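Visitor: There's a structure below that I have some questions on.
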Amino acid sequence: MASKLPWAVASLMMISLAVASISLAEHEYEITATIGDTTLNSATGAASLPIAGTYTHAATGGQITISNVGSGGATAQIAVSDTAVDEVKLINARITANNTSVTNFPITFKRRMTQGPNTPPPLYYKIYASGLFQQGLGSSINIGWFSKNPLSNGFLYLGSQPCTPPGIPTQYNCVIAPAGSSWPTPPDMTADRVPKVEVALKLANGKWLDFDSTVAQPRQIRLYTSGSPDVTPCPKKRRGRDCTDQPNPSLYLPYQLEAAKVIGKEP
């Protein structure tokens with residue numbers, strides 16, 4: 001009887017590995033969002049993932065509620081496009097702080113994209129974010145963007161930028177729109193890739209941050225590909241009116257607390 005035990009264990013391991021492989025294959029093109037300590041996944045190949053709900057973050061003690069916002073029955077969601085461009089974005093969401101501990105509250109979203117666009121080299125990953133804070137006082141956001149290609153690599157850090165409103169008790173619209181981040185040379189875009197956005201959020205108790213994408217100038221967090229950077233980035237040792245600068249962040253992105261999972265440029 002004892003001599004059969006190793007074979008039984010080996011058989012179970014082989015079955016487990018086979019099931020895991022099938023599971024991975026089935027879920028390759030899910031949208032994944034991690035909000036606080038909760039991870040949500042869409043159906044395979046879905047173009048959107050609803051995210052309304054209440055979420056907590058044990059490390060900070062913060063709790064938020066994400067609700068639907070926007071006209072025409074808009075739904076708070078992560079939406080993707082996987083056609084002529086790679087695009088992943090957070091839209092139609094109002095994020096409200098439920099307690100006084102919503103500082104460095106993490107939100108991450110990503111999706112594996114099929115091959116293309118491949119050209120022109122270089123290809124640029126661009127971030128655009130616009131969000132309306134109910135109150136500037138005690139509010140802040142820091143957004144980082146990443147990509148993985150080939151899939152065997154870790155995520156490459158492409159950039160990050162914070163927005164800290166002035167300390168005012170009234171509404172304030174934060175806009176983040178830096179130059180696009182060029183894929184490393186030589187560019188390798190001839191296979192699937194995974195764009196990812198990370199957010200660190202600070203909100204005063206009871207106050208909200210609005211990403212209503214149904215307004216004339218849509219409020220959203222959008223990472224997408226483009227053939228041009230649009231804005232001239234600033235060299236490290238030069239600052240001028242012809243390029244953009246990034247202020248020092250006051251919030252820490254999830255990757256900064258898990259540096260071993262990210263390769264590439266330093267923050």
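The values are calculated or read from the model by the stated rules, or taken from the named source; none is laboratory data. A quick note: this is a predicted structure, and the numbers were derived from the prediction, not measured. Virtual Cβ from ideal backbone geometry, glycine too; neighbours counted across all protein chains shown.
Visitor: Go through the stretch 66-108 and give me each residue that's touching a strand residue (DSSP E or B) at 6+ places or on another chain (Cβ under 8 Å), more than 27 Å from residue 126 (Cβ to Cβ) and assigned to a loop (DSSP other than H, G, I, E, B).
Guide: Residues satisfying the conditions are 98, 99, 101, 102, 103.
Visitor: Looking at the stretch 136-170, which of its residues are touching a strand residue (DSSP E or B) at 6+ places or on another chain (Cβ under 6 Å), part of a loop (DSSP other than H, G, I, E, B) and at pLDDT 90 or above?
Guide: Within the stretch 136-170, 136, 139, 164, 165 qualify.
Visitor: Out of the residues in the stretch 41-59 meeting the condition of being of a type in the set (S, T, N, Q) and at pLDDT 95 or above, tell me which one is farthest from residue 91 (Cα to Cα).
Guide: Once the filter is applied, the top-ranked residue is 56.
Visitor: Identify all residues within the stretch 83-102 that are out of contact with any Ser or Thr (no Cβ under 6 Å at 6 or more places or on another chain) and crowded, with 18+ Cβ neighbours inside 10 Å; write none if there are none.
Guide: 88, 89, 90, 93, 95, 97, 102
Visitor: What are the residues in the stretch 73-124 that are on the phi > 0 side of the Ramachandran plot and modelled with pLDDT under 95, if any?
Guide: 73, 116
Visitor: Looking only at the stretch 31-82, count how many residues are under 30 Å from residue 191 (Cα atoms), without any contact (Cβ under 8 Å) to a residue 12 or more places away in the chain and either exposed (fewer than 15 other Cβ atoms within 10 Å of the Cβ) or among the charged types (D, E, K, R) (or both).
Guide: 1
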